[in-house]
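In what follows, a structure is listed as structure tokens, so that the remarks can point back to it.
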Amino acid sequence: MRVLVGISGGVDSAVTTYLLKEAGYEVVGLYMKMHRGVNHTENLKKIEKLSKLIGFEYFVEDVSEEFEKEVFRYFVKSYKEGATPNPCAMCNQKIKFGIFLNFLEKYSCQKAATGHYVRNDGEFLYKGKDTKKDQSYFMFGIKKEILKKSLFPLGDYTKEEIKEIAGKIGLQEFASARESQDICFIPTNYIDVLGKYFKTDLK
């Protein structure tokens with residue numbers, strides 16, 4: 001069975017590809033260029049090393065326009081309207097389990113997988129083993145039918161266990177990398193970013 005794995009250049013998606021390969025799946029990686037807040041060139045260099053080490057092919061898709069519309073503009077407009085946005089939940093719903101799944105057919109894959117810390121029995125979503133890293137809340141907007149074709153290999157592991165696996169298989173570079181915090185698509189103070197965009201009509 002071919003599985004399309006969302007890869008980012010981080011330790012979680014790296015170990016996800018490894019665990020799936022070990023489980024006997026044919027892995028295909030997909031890196032989605034979503035926003036300007038990350039160094040795509042650096043990420044792709046790491047992914048190239050990962051693909052050679054583990055043994056899988058990967059592809060790159062630019063979904064920055066969709067991200068701008070569905071996540072970034074939603075984020076800014078929510079604040080303009082006096083509401084508190086949840087960009088991670090919106091990104092999961094619209095991008096990571098929305099647009100991403102549209103690529104299954106393009107790359108002849110039957111399942112999709114990500115490095116989220118959640119568990120899934122094909123019908124319901126459950127909290128991950130690592131309560132500190134559990135991401136089930138941020139996936140509340142995902143449609144139930146999507147769970148039938150989604151795999152979450154990290155759900156039964158803690159973050160420390162994932163880092164240990166990464167170290168053992170030669171992925172020290174991934175294991176020691178700094179984790180993204182807060183709002184991943186805003187590398188600076190988000191108040192400054194909002195101040196800039198409040199001067200622009202986003203309707």
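Table for the structure above
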quantity: Qualifying strands (runs of 3 or more DSSP E) (wholly inside the range 41-141; at least 1 residues being under 19 Å from residue 157 (Cβ atoms), out of contact with any Cys (no Cβ under 8 Å at 6 or more places or on another chain) and touching a residue at least 24 places away in the same chain (Cβ under 8 Å)); calculated: 111-113, 118-120, 125-127
quantity: Verdict on residue 55 being surrounded by fewer than 16 Cβ atoms within 10 Å (Cβ to Cβ), among the small types (Gly, Ala, Ser) and within 20 Å of residue 5 (Cβ to Cβ); calculated: yes
quantity: Conditions (1) outside any loop (DSSP other than H, G, I, E, B); (2) open to solvent by 20 Å² or more (accessible area, probe 1.4 Å); (3) under 20 Å from residue 152 (Cα atoms); number of the one not met by residue 15; calculated: (2)
quantity: Positions within the range 130-160 being open to solvent by 90 Å² or more (accessible area, probe 1.4 Å) and in contact with a Leu (Cβ under 9 Å, 6 or more places away or on another chain), in sequence order; calculated: 140, 144
quantity: Search result, residues across the range 157-191 that are modelled with pLDDT of 75 or more, part of a helix (DSSP H, G or I) and of a type outside the set (Val, Ile, Thr); calculated: 159, 160, 161, 163, 164, 166, 167, 168, 172, 173, 174
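The values are calculated or read from the model by the stated rules, or taken from the named source; none is laboratory data. Only a predicted model underlies this, so the values are computations on that prediction, with no experimental measurement involved. Note that each Cβ is placed from the backbone with ideal geometry, even for glycine, and that neighbours are counted across all protein chains shown. Calculation scope for accessible area: heavy atoms of the full protein, side chains included, ligands and nucleic acids excluded. Shrake-Rupley method; radii C 1.70, N 1.55, O 1.52, S 1.80 Å.
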